[in-house]
Each structure stands twice: as structure tokens, then as C-alpha cells.
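Following: one structure in C-alpha cells, then a few remarks.
The values are calculated or read from the model by the stated rules, or taken from the named source; none is laboratory data. Predicted, not measured: the structure shown is a model, and the values here were computed from it. Cβ sites come from the backbone with ideal geometry, for glycine too, and all protein chains shown count toward neighbours.
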Amino acid sequence: MTTLHYTTLDVFTTVAFQGNPLAIVHLPSQLSQQQRLLIAREFKFSETIFIHDQELDSRAVFTISIFTPSQELPFAGHPTVGAGCYLLSKTSKDKMTLRMKAGDVLVSSEETGVRLKVPVDFKVHVPYLNDILKGKQPALEEKDYVNGIEGAEPVVSIVKGMTFIMLELSSSEALGKLQLYSQWFSLPDEHIGDWKGAGGPAKLYAFVRMTDGTIRTRMFKGNCEDPATGSATCALGGWLGQQNGDGIWCFRLVQGVEIGRRSEITVFVTV
């Protein structure tokens with residue numbers, strides 16, 4: 001029987017058992033796609049990553065693959081941040097490149113963590129509304145929706161197959177009243193076009209702009225809630241940057257509070 005070494009981390013936090021948990025599995029030999037899926041299912045985390053290269057101090061480029069319990073993803077934020085933190089802590093380097101299906105991501109050390117330079121595609125689609133989005137939230141009222149109960153919401157893809165519906169709410173109280181959905185959001189093919197991909201159906205990213213400048217968020221993928229979602233924060237940051245116009249913008253986001261795993265993420269966007 002093959003023995004594989006693994007490490008677990010809590011990402012987007014400095015407090016144990018907060019943030020978003022991540023499993024890192026070291027691959028001295030090739031595993032099949034099915035074997036990786038089975039390992040990811042065993043952990044039952046939102047994502048598990050597999051590191052393909054072992055000569056830590058002699059390499060500047062590391063190939064990783066990212067798996068949920070049901071599929072491989074081209075990109076995801078919290079596994080990429082976690083992999084960067086872990087690998088930089090094991091080497092004498094202050095920067096490296098992570099190679100994944102979506103492309104190369106540069107990771108560099110910061111005093112309080114790591115910074116990613118993510119050269120991803122970015123697409124804002126036509127706003128979208130269906131009966132499920134707001135019709136399945138009995139605790140929310142018209143005043144809780146910034147765009148109104150009949151208003152369409154922005155749809156953003158950060159890479160092909162990673163698409164988010166951005167639902168802006170008027171208060172943290174409204175955000176706290178959001179309930180899990182019983183199903184995923186399936187956008188019509190004509191709505192996404194060529195931006196369909198391996199990431200599956202669209203996910204809901206709800207957010208509130210707080211008076212202190214931070215943005216409080218929650219992310220739903222069907223009947224599951226994610227404590228921290230790097231790809232969603234990148235998508236929201238890109239969309240907010242577009243709304244602001246030319247410049248360099250900094251967005252500080254807090255996610256996971258409602259499920260007891262507070263996570264803090266900072267996104268810089270250049271428009």
C-alpha cells in the first residue's frame with residue numbers, strides 16, 4: 001500500500017480552527033484522477049491540493065492540482081494561498097510560482113502572510129435573476145436587497161467555470177438572515193457562453209459594504225456554505241474595481257462569521 005504524507009492548514013486566519021481548512025497531499029508518485037478524488041472525499045474539505053514536486057529548496061516552480069470532493073478545479077483562491085504559505089515556509093525563498101490548470105500564479109512573502117499575483121481571465125456577464133435567488137429567502141424583505149426584490153444581480157466569472165452571482169444586501173443583519181439553498185444555481189448556457197467550465201454551476205456570493213470600509217460576505221454553493229473563498233473575493237474585487245473606475249483599489253473582506261470560522265482576505269485591484 002502506498003503511503004502519502006499530508007498537512008492540514010487553516011487559511012485566511014491567524015487563529016486555529018478559524019478560516020477555511022485545507023489539506024495538502026504530497027505526491028512522490030503519480031496518482032490517477034479517481035484516486036485523488038477519493039482522497040479529497042475522505043478529507044471532506046471544500047478543497048484539497050496535491051503538490052507534485054518534492055525538492056522544496058531547489059525549485060522555483062511547483063505544480064499543484066486542486067480538487068473538491070467531486071471534481072478538479074482550474075483555480076481556487078484559498079488552496080492557492082495555503083499552498084503558497086506552506087511551500088514558502090519550507091524553503092529559503094521569498095517568492096515562487098505555482099503552476100495549475102488556470103495558469104501560473106506568482107506567490108511572494110509578506111510580513112503577515114503571502115501575496116498572490118493572479119493573472120486570471122475576468123468576465124462580467126449580463127445581470128441575472130431567477131425565482132430561486134430571492135424567492136427562497138423568507139426572512140428577507142424588499143428593503144434588505146440593494147437592487148430590490150425584482151432586480152437582477154451581477155454575474156462574474158474569475159476563470160472559465162468559476163462563476164458567481166453577486167448579491168448585495170443592505171445590512172449585516174440581512175446577511176445573517178440568509179439561509180442555505182436546497183439546490184445550485186444553474187445559469188442558462190446562453191448566459192455564460194464560452195465561460196462554462198469545470199467549476200460547475202454558479203455560486204452565490206452575498207456581500208454588504210460596512211461603514212468602516214470592510215466588506216462582509218457569505219458564499220453559498222448549493223446547500224453548503226464556504227468559510228473563505230479566494231476566487232469569489234477576486235471576482236467581487238474585480239467587479240467593484242470596475243465600478244470604481246481607473247486606479248488601484250484595496251478591498252478588505254470578512255467571511256465565515258456566521259458559521260464560526262471568521263476569515264479575513266485583502267484584495268488589490270488595478271483598473
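Right, Asp94: in the same structural domain as Glu258 (by TED's automatic domain parsing), in contact with a helix residue (DSSP H, G or I) (Cβ under 8 Å, 6 or more places away or on another chain) and not small (Gly, Ala, Ser) or not? Steps first, answer last, please.
Working: in the same structural domain as Glu258 (by TED's automatic domain parsing): no; in contact with a helix residue (DSSP H, G or I) (Cβ under 8 Å, 6 or more places away or on another chain): yes; not small (Gly, Ala, Ser): yes.
Answer is no for this residue.
Within segment 73-100, which residues are part of a strand (DSSP E or B) and either modelled with pLDDT of 95 or more or under 16 Å from Pro119 (Cβ atoms) (or both)?
Here is the first cut: in segment 73-100, the residues part of a strand (DSSP E or B) are 73, 95-100.
Correct list: Lys95, Met96, Thr97, Leu98, Arg99, Met100.
Under the condition of being of a type in the set (Lys, Arg) and surrounded by fewer than 15 Cβ atoms within 10 Å (Cβ to Cβ), which residue from segment 41-66 is modelled with the lowest pLDDT? Write out each step before concluding.
Filtering segment 41-66 down to residues of a type in the set (Lys, Arg) leaves 41, 44, 59.
Next, from what is left, pick out any that are surrounded by fewer than 15 Cβ atoms within 10 Å (Cβ to Cβ): 41, 44.
On the way: Arg41: 97, Lys44: 94.
Ranking the candidates gives Lys44 first.
When you scan segment 241-250, how many residues do you find that are in a strand (DSSP E or B) and either closer than 26 Å to Gly161 by Cβ or not hydrophobic (A, V, I, L, M, F, W, C) (or both)? Steps first, answer last, please.
Start the filter on segment 241-250 by keeping residues that are in a strand (DSSP E or B), which leaves 248-250.
In the following step, the residues that additionally are either closer than 26 Å to Gly161 by Cβ or not hydrophobic (A, V, I, L, M, F, W, C) (or both) were identified as 249.
Result for segment 241-250: 1.
Listed here are the residues, each with its yes/no results for (1) within 21 Å of Cys250 (Cβ to Cβ); (2) under 17 Å from the mean Cα position of the chain (by Cα).
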| site | (1), (2) |
| --- | --- |
| Pro188 | no, no |
| Ile192 | no, no |
| Thr211 | yes, no |
| Asp226 | no, yes |
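For every residue, the table says whether it meets (1) assigned by TED's automatic domain parsing to the domain that holds Glu111; (2) farther than 24 Å from Gly19 by Cβ; (3) touching a residue at least 40 places away in the same chain (Cβ under 8 Å).
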position	(1), (2), (3)
Leu180	no, no, yes
Phe185	no, yes, yes
Leu204	no, no, yes
Leu236	no, no, yes
Trp239	no, no, yes
Gln243	no, yes, no
Ser263	no, no, yes
Thr266	no, no, no
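Filter segment 173-184 down to residues that are modelled with pLDDT of 85 or more and surrounded by 14 or more Cβ atoms within 10 Å (Cβ to Cβ) and give me whichever is farthest from Gly213 (Cα to Cα). Walk me through it before giving the result.
Just the residues of segment 173-184 that are modelled with pLDDT of 85 or more, to begin with: 173-182.
Retained after the next criterion (residues that are surrounded by 14 or more Cβ atoms within 10 Å (Cβ to Cβ)): 174-178, 181.
Numbers: Ala174: 18, Leu175: 16, Gly176: 18, Lys177: 21, Leu178: 22, Tyr181: 29 Å.
Ranking the candidates gives Tyr181 first.
Would you check if Val124 is surrounded by fewer than 18 Cβ atoms within 10 Å (Cβ to Cβ), closer than 28 Å to Glu190 by Cα and either touching a residue at least 24 places away in the same chain (Cβ under 8 Å) or in contact with a helix residue (DSSP H, G or I) (Cβ under 6 Å, 6 or more places away or on another chain) (or both)? Walk me through it before giving the result.
On the way: surrounded by fewer than 18 Cβ atoms within 10 Å (Cβ to Cβ): yes; closer than 28 Å to Glu190 by Cα: yes; either touching a residue at least 24 places away in the same chain (Cβ under 8 Å) or in contact with a helix residue (DSSP H, G or I) (Cβ under 6 Å, 6 or more places away or on another chain) (or both): yes.
Spelling it out, Val124 is indeed surrounded by fewer than 18 Cβ atoms within 10 Å (Cβ to Cβ), closer than 28 Å to Glu190 by Cα and either touching a residue at least 24 places away in the same chain (Cβ under 8 Å) or in contact with a helix residue (DSSP H, G or I) (Cβ under 6 Å, 6 or more places away or on another chain) (or both).
Taking the conditions exactly as written (of a type outside the set (Asp, Glu), in contact with a strand residue (DSSP E or B) (Cβ under 9 Å, 6 or more places away or on another chain) and in the same structural domain as Tyr86 (by TED's automatic domain parsing)), does Ser157 satisfy them or not? Give the derivation first.
On the way: of a type outside the set (Asp, Glu): yes; in contact with a strand residue (DSSP E or B) (Cβ under 9 Å, 6 or more places away or on another chain): yes; in the same structural domain as Tyr86 (by TED's automatic domain parsing): no.
No, not satisfied.
Can you tell which of Pro74, Pro69 is crowded, with 17+ Cβ neighbours inside 10 Å and under 22 Å from the mean Cα position of the chain (by Cα)? Let's see the steps before the verdict.
Working: Pro69 fails: crowded, with 17+ Cβ neighbours inside 10 Å.
That would be Pro74, the only listed residue that is crowded, with 17+ Cβ neighbours inside 10 Å and under 22 Å from the mean Cα position of the chain (by Cα).
Being surrounded by 13 or more Cβ atoms within 10 Å (Cβ to Cβ) and either within 20 Å of Val118 (Cα to Cα) or of a type in the set (Gly, Ala, Ser) (or both) is the filter here, so list the residues in segment 255-267 that pass it.
Correct list: Gly256, Ser263, Glu264, Ile265, Thr266, Val267.
I'd like to know if segment 13-28 contains one or more residues that are touching a Gly at 6+ places or on another chain (Cβ under 6 Å), within 25 Å of Thr217 (Cα to Cα), not assigned by TED's automatic domain parsing to the domain that holds Ser157 and not in a strand (DSSP E or B).
Applying the first criterion (touching a Gly at 6+ places or on another chain (Cβ under 6 Å)) to segment 13-28 yields 13, 22.
Those left that are additionally within 25 Å of Thr217 (Cα to Cα): 13, 22.
In the following step, the residues that additionally are not assigned by TED's automatic domain parsing to the domain that holds Ser157 were identified as 13, 22.
Pick out the ones that are also not in a strand (DSSP E or B) and you get 13.
Checked segment 13-28: at least one residue is touching a Gly at 6+ places or on another chain (Cβ under 6 Å), within 25 Å of Thr217 (Cα to Cα), not assigned by TED's automatic domain parsing to the domain that holds Ser157 and not in a strand (DSSP E or B).
The rows are residues; the columns are (1) assigned to a strand (DSSP E or B); (2) at pLDDT below 95; (3) out of contact with any Leu (no Cβ under 7 Å at 6 or more places or on another chain).
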position: Thr217; (1), (2), (3): yes, no, no
position: Ala228; (1), (2), (3): no, no, yes
position: Ser231; (1), (2), (3): no, yes, yes
position: Leu236; (1), (2), (3): no, no, yes
position: Trp239; (1), (2), (3): no, no, yes
position: Arg252; (1), (2), (3): yes, no, yes
position: Glu258; (1), (2), (3): no, no, yes
position: Glu264; (1), (2), (3): yes, no, yes
